[in-house]
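The values are calculated or read from the model by the stated rules, or taken from the named source; none is laboratory data. Small disclaimer: the values here were computed from a predicted structure and weren't measured. Methodologically, a virtual Cβ is constructed for each residue, glycine included, from the backbone with ideal geometry; neighbour enumeration extends over all protein chains shown. Calculation scope for accessible area: heavy atoms of the full protein, side chains included, ligands and nucleic acids excluded. Shrake-Rupley method; radii C 1.70, N 1.55, O 1.52, S 1.80 Å.
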Amino acid sequence: MPEKLRAILDTNVYGILLEDKTHLIPKINKSEKICIYGFEVIRKELRAIPKDTILNDENFRISALKLYDALVHDHSLNVNTFIMKLAKNYQEAYNGGISKEKLWKDFLIVAAATIHQLDIVVSQDQHSMLSDLAVKAYNEVNEKYQLVTPKFYSITELERLL
């Protein structure tokens, strides 16, 4: 059997999966093709959802954290010095219209995926994380350090993979 692809879901993907009450959640959980990794930055963003936010008659924060834990299991990554330095390099190389500070968490997520050699980053964030200028920064920095940039998938592309 081929090795599972290793992927990380951007914070926005958890909300989209929950909003849609999608059939994709069980497909991801049962898939032999993909393994989902978590990252402490993403979990903190999910924990920061206001406690009183309701989605589909359920507490959104609790639902998002439960989904994260169910998909990630024990495959969780932590911020380390290498990730911080690589994210800083992305930040310095980025030359776009969005504040570099606003993109910091995106830079950290891509740096974690790069350092841990994950295959895929799934995001719907075309405006910032997946903007042409951000992707250009990731590719330039990673090429300089001979690192492989993960592939970027939308939820639709993830679904096709499964």
Exercise for the section: Determine whether Ile155 is open to solvent by 10 Å² or more (accessible area, probe 1.4 Å), in contact (Cβ under 8 Å) with a residue 60 or more places away in the chain and under 20 Å from Asp20 (Cβ atoms). Expected result: yes
Problem - Members of the stretch 40-57 found to be farther than 24 Å from Leu108 by Cβ and without any contact (Cβ under 8 Å) to a residue 24 or more places away in the chain, listed by number - result: Lys51, Asp52, Ile54, Asp57
Completion exercise
For the stretch 82-108 the number of residues that are open to solvent by 40 Å² or more (accessible area, probe 1.4 Å) and modelled with pLDDT under 95 is 6
Fill in the blank from the handout: Exactly one of Ala112, Ala70 is of a type in the set (A, V, I, L, M, F, W, C), farther than 24 Å from Arg160 by Cα and in a helix (DSSP H, G or I), and that one is Ala112
Exercise for the section: State which residue is farthest from His73 (Cα to Cα) when the search covers only the stretch 23-62 and only residues that are open to solvent by less than 30 Å² (accessible area, probe 1.4 Å) and not hydrophobic (A, V, I, L, M, F, W, C). Expected result: Ser31
Practice task
Determine, yes or no, whether Asn95 is assigned to a helix (DSSP H, G or I) and either over 17 Å from Ile8 (Cα atoms) or among the hydrophobic types (A, V, I, L, M, F, W, C) (or both).
Solution key: no
